[in-house]
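To start, the structure itself, in structure tokens.
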Amino acid sequence: MNAPLKTPVEIDPRFLPNQAMIKGDGKPVVFLHGAFGQEWSPPLDTLAERRRVIAPSNVGAFDLDELVHMDGLLDLLVYYDDLFNGLGLERFDLVGHSFGGMVAAEYAAMFNRRVERLVLIDSLGLWRDDQPVADYNYIPAERQPALIYHDLQNPGVRALMASQPTDTAEIIGIALDRMTALGSTNHFLWPIPDRGLHKRLRRIDAPTLIVWGAQDRIVPADYAQDFASQIAGSKVVVIDGAGHAPQIEQPEKVSAALVDFLS
């Protein structure tokens, strides 16, 4: 399939244009990525067959100096609201994975009249003392895949790893980009425990689907029910054979769940 088109979106002179990946036509769906940077996974291609899919980058992902203008999560929500205005969006469906799930939930609680339907995939944002969220920042890069994915022999995981460059300069460049992306999300997330999202989830009135990898080693699957218990009328789908990124390990199952819910 054709790759998504990167479209720079002007937001504010203090920030670089957001390099949003856009593909497809129709009613808009926004995808907010996880802690390790902007992505385009197979389920987004499936959605793009019938919808206009927009996957923006996070503020600071290409220049950490932008974060001096961001004092906290409220500033990030305003940034995304300005971005959505710049994209000409009024009401839209919102999907978020991991860190992006936390931001999507916060946005849907704060700007609850703009989000028509909400999907949270292995979302960060809540905390349980009995099942703490894994501190992936202190895991060496070579061990992170085993934390993120349930099965390193999974075809989607193997294809993703096989696509990585072998040239030393490119490897260093990708590592630096990954560190910058991680820094841009950690600015709003770290330390992980409790940013108060549990107090705001009650404000979400969009129909909500909660998708979780059954073998998630970063945010255990019990968190799916924690989100569901605080979002009225929400539905939970647990995907077996998947860790923290079910859209990579079980793309067909995630695609089917998204298409069914967002149709």
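Nothing in this text is a laboratory measurement; each read-out follows from the coordinates by a stated rule. As the structure is a prediction and not an experimental result, all values here were calculated from the model. With ideal geometry, Cβ positions are generated from the backbone for all residues, glycine too; neighbour counts draw on all protein chains shown.
Things to note:
- The simple spin-label model puts a point 7 Å past each Cα toward its Cβ; for Asp75 and Asp12 those points are separated by 0.8 nm.
- For the stretch 1-145, the percent of C-alpha pairs falling in each 5 Å distance bin, counted from 0 to the bin holding the largest distance, reads 2, 9, 18, 22, 21, 14, 9, 4, 1.
- Size of electric dipole in the stretch 5-262: Cβ of Lys, Arg +1 and of Asp, Glu -1, about Cα centre, debye, nearest 20: 680 debye
- The relative contact order of the stretch 5-262, computed from alpha carbon pairs under 8 Å that lie at least 6 residues apart in sequence, is 22 percent.
- Gln230 sits among other residues whose Cβ lies under 12 Å from its own Cβ, and their net charge, with Lys and Arg +1 and Asp and Glu -1, is +3.
- Dipole axis of the chain (+1 Lys, Arg; -1 Asp, Glu on Cβ), positive-most option in Met21, Ile204, Ile54: Ile204
- Evaluated at q = 0.11, 0.23 Å⁻¹, the base-10 log of the normalised Debye intensity for the stretch 1-74, with identical point scatterers placed on the Cα atoms, takes the values -0.30, -1.04.
- Mean residue ellipticity, 222 nm, helices only, the chain: the sum of -39500 (n - 2.57) across DSSP H runs of n ≥ 4, divided by residue count and rounded to 500, is -10500 deg cm²/dmol.
- Dimensionless Rg/Rh of the stretch 144-263 - Kirkwood Rh, Rg from C-alpha atoms: 1.02
- Cα gyration tensor shape of the stretch 5-262, rounded if a/c is under 1.5, else prolate or oblate by comparing a/b with b/c: rounded
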